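**Student:** Before we start, here is the structure in question, set down as structure tokens.
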Amino acid sequence: MSTTLLVLILGIVEGLTEYLPVSSTGHLILATELLGFDAAEWAVFNIAIQPGAILAVVVLYWKTFWGVLKGMFEGSKHAWDFTRNLLVAFFPAVALGLAFGDQIDNLLENAVVVAWALIIGGFAILAVEKLANPPARPDIPEDQVGGAVATMSFRKSLTVGLVQCLAMIPGVSRSGATIMGAMALGIDRKTAAEFSFFLAVPTLSGATVYSLYKARDELVADDLAMIGWGALVSFIVAYIVVKAFIAIVTKIGFAPFAWYRIIVGVAALFWLGAI
């Protein structure tokens, strides 16, 4: 397989899986290995194309972000509450990422860890779906700055941020951890998903900048074109996925994603010869 085709495939995988509760990092590692390439050698590339997926959320929710930014200057309580909730949820990932960055990097090379995390995470999603019984979405005025995310409490935002740290294990899924964590706290599906999308912007941006800084000696000018194409593809695919995701999970829930994780994880373990 040519390198160009692999770049396009990885861009598609990143865009498809970044905001679904199936683990983008895990899928990128497995996809790279399945296609006959060394996942460790492509780890930096997989991180470098994340800005494409991040931009998809910014573009889709630009009115929300602009409303919050404008509201902060106007002294809007909802705008400041929205910002507080994102920062509070973002902080635990920063602290643990700086403390255990090297250990996390080692896990990124282990496809068996990814497979087991997919399976365990799948059963965790099924358990939350069965036991959480989240309420209906609160009646929030359409013009309220920050929407329902601005109404979340400090405690719930911090707890979701702590749960997000589980996603540092490849295969756990950042979006899956945050959405399920929010639902377990009694937050409705749509608000949980939107909070996960918004939280992805600072979390993924920070992780990308930090990881690329650490790997700065590995990057060369020839890689920029590949990274650019991969990021563009991930942006287009993520834009489509995020736009459809809310409607899907509101109607059918997360169980299909859970069973998908379990099936993929088991198949990967067989392929890797781990069982």
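The values are calculated or read from the model by the stated rules, or taken from the named source; none is laboratory data. A quick note: this is a predicted structure, and the numbers were derived from the prediction, not measured. No Cβ is skipped: glycine too gets one built from the backbone with ideal geometry, and neighbour counts run over all protein chains shown. Calculation scope for accessible area: heavy atoms of the full protein, side chains included, ligands and nucleic acids excluded. Shrake-Rupley method; radii C 1.70, N 1.55, O 1.52, S 1.80 Å.
**Student:** Determine which single condition Ile9 fails, assuming it passes every other condition in (1) open to solvent by 20 Å² or more (accessible area, probe 1.4 Å); (2) over 27 Å from Ala255 (Cα atoms).
**Tutor:** Of the numbered conditions (1) open to solvent by 20 Å² or more (accessible area, probe 1.4 Å); (2) over 27 Å from Ala255 (Cα atoms), the odd one out for Ile9 is (2).
**Student:** Does Leu20 qualify as being within 16 Å of the chain's Cα centre (by Cα), closer than 24 Å to Cys165 by Cα, open to solvent by 60 Å² or more (accessible area, probe 1.4 Å) and of a type in the set (A, V, I, L, M)? Quick ask: steps written out before the conclusion?
**Tutor:** Working: within 16 Å of the chain's Cα centre (by Cα): yes; closer than 24 Å to Cys165 by Cα: yes; open to solvent by 60 Å² or more (accessible area, probe 1.4 Å): no; of a type in the set (A, V, I, L, M): yes.
No.
**Student:** Follow-up. Looking at Leu28, Leu60 in this structure, which one is closer than 24 Å to Thr151 by Cα and at pLDDT below 95?
**Tutor:** Numbers: Leu28 fails: closer than 24 Å to Thr151 by Cα.
The match here is Leu60.
**Student:** Out of all the residues in segment 140-155, which are closer than 17 Å to Leu86 by Cα and free of Cβ contacts under 8 Å to residues at least 40 places away in the same chain?
**Tutor:** Within segment 140-155, Ser153, Arg155 qualify.
**Student:** I've got another one for you. List every residue pair whose Cβ atoms lie under 7 Å apart, where the two residues are 6 or more positions apart in sequence or sit on different chains, the first residue falls within segment 178-191 and is on the phi > 0 side of the Ramachandran plot, and the second residue, located anywhere, is surrounded by fewer than 18 Cβ atoms within 10 Å (Cβ to Cβ).
**Tutor:** As it stands, the answer is Gly186/Pro135, since those pairs meet every condition given.
**Student:** Please list, ordered by residue number, the helices (runs of 4 or more DSSP H) wholly in segment 32-78 having 1 or more residues that are open to solvent by less than 30 Å² (accessible area, probe 1.4 Å) and over 19 Å from Thr208 (Cβ atoms). Show your work before the answer.
**Tutor:** Numbers: elements: 43-48, 50-60, 62-74.
Answer list for segment 32-78: 62-74.
**Student:** Right, something else. Those residues that are under 23 Å from Gly52 (Cα atoms) and in contact with a Ser or Thr (Cβ under 6 Å, 6 or more places away or on another chain), I need them from segment 147-166; list them, please.
**Tutor:** Hit for segment 147-166 is Gln164, nothing else.
**Student:** Which numbered condition in (1) surrounded by fewer than 20 Cβ atoms within 10 Å (Cβ to Cβ); (2) assigned to a loop (DSSP other than H, G, I, E, B) is the only one that Leu158 fails?
**Tutor:** Of everything listed in (1) surrounded by fewer than 20 Cβ atoms within 10 Å (Cβ to Cβ); (2) assigned to a loop (DSSP other than H, G, I, E, B), Leu158 misses just condition (2).
**Student:** Among the residues of segment 79-105 satisfying the criterion of being surrounded by fewer than 17 Cβ atoms within 10 Å (Cβ to Cβ), small (Gly, Ala, Ser) and within 20 Å of the chain's Cα centre (by Cα), which is modelled with the lowest pLDDT?
**Tutor:** Gly101
**Student:** Now a separate question. On the given criteria, is Pro141 part of a helix (DSSP H, G or I) and surrounded by fewer than 19 Cβ atoms within 10 Å (Cβ to Cβ)?
**Tutor:** Values: part of a helix (DSSP H, G or I): no; surrounded by fewer than 19 Cβ atoms within 10 Å (Cβ to Cβ): yes.
When the stated conditions are applied, Pro141 does not pass them.
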